[in-house]
Amino acid sequence: MGFFINSGINNYIKRRRTLLDAQVKVLQSEHRFLKYDSWLDCSDVHAFTRQYLDREVRTNPSALLGRLSPAAQAAMLNAVNASYTLAQEHITWIGAAFSGQAENSAQNSN
């Protein structure tokens, strides 16, 4: 599962508070792979199979641009946890996935 990063927020989202609250600013200064500040749309999760992602990375390694900074990850989790548009099942999965990353990071730094 994943979210799309957009260069701006469209007018439809701007006019709907529940969707607007799910937009997370991703700063270019924290993400060298971005050309400018962008927005992570946490209002709609997109499903990708592991096979699809593996194939994409194998056939087009430049498609893997980087990771979200810790600050952007925290903002994303806040938006996901407060979401009115995501299924509770997706909120739980996303939280668990990033909880595991945080635990791994803490173990690796010891």
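Each reported figure results from applying straightforward, stated rules to the coordinates on display, with no laboratory input. Keep in mind that what you see is a predicted model, and the values were worked out from it rather than measured. Note: ideal-geometry Cβ built from the backbone for every residue, glycine included; neighbour counts use all protein chains shown.
Of everything in the stretch 13-30, what is more than 14 Å from ALA74 (Cα to Cα), touching a residue at least 12 places away in the same chain (Cβ under 8 Å) and not in a loop (DSSP other than H, G, I, E, B)? Give them in sequence order. Steps first, answer last, please.
First pass over the stretch 13-30, keeping only residues more than 14 Å from ALA74 (Cα to Cα): 13-21, 28-29.
Checking the rest, the ones that are also touching a residue at least 12 places away in the same chain (Cβ under 8 Å) come to 13, 18-19, 21.
Passing the criteria: ILE13, THR18, LEU19.
Would you point out the residue of the stretch 42-70, among those that are surrounded by 11 or more Cβ atoms within 10 Å (Cβ to Cβ) and among the aliphatic types (A, V, I, L, M), that is nearest to TRP93 (Cα to Cα)?
VAL45
Can you pull out every residue in the stretch 11-41 that is among the polar types (S, T, N, Q), over 15 Å from the mean Cα position of the chain (by Cα) and surrounded by 12 or more Cβ atoms within 10 Å (Cβ to Cβ)? Steps first, please.
Start the filter on the stretch 11-41 by keeping residues that are among the polar types (S, T, N, Q), which leaves 11, 18, 23, 28-29, 38.
Filter again for over 15 Å from the mean Cα position of the chain (by Cα), leaving 11, 18, 29.
THR18, the sole residue that qualifies.
When you check PHE4 against the structure, is it under 14 Å from the mean Cα position of the chain (by Cα), part of a loop (DSSP other than H, G, I, E, B) and aromatic (Phe, Trp, Tyr), yes or no? Don't jump to the end; show me each part of the working.
On the way: under 14 Å from the mean Cα position of the chain (by Cα): yes; part of a loop (DSSP other than H, G, I, E, B): no; aromatic (Phe, Trp, Tyr): yes.
For PHE4, the condition - under 14 Å from the mean Cα position of the chain (by Cα), part of a loop (DSSP other than H, G, I, E, B) and aromatic (Phe, Trp, Tyr) - is not met.
If a residue has to be assigned to a helix (DSSP H, G or I) and in contact (Cβ under 8 Å) with a residue 40 or more places away in the chain to count, how many in the stretch 33-77 make the cut?
Start the filter on the stretch 33-77 by keeping residues that are assigned to a helix (DSSP H, G or I), which leaves 50-59, 61-63, 70-77.
This time we only want the ones that are in contact (Cβ under 8 Å) with a residue 40 or more places away in the chain, so: 71-72, 75-76.
Summing the residues that are assigned to a helix (DSSP H, G or I) and in contact (Cβ under 8 Å) with a residue 40 or more places away in the chain in the stretch 33-77 gives 4.
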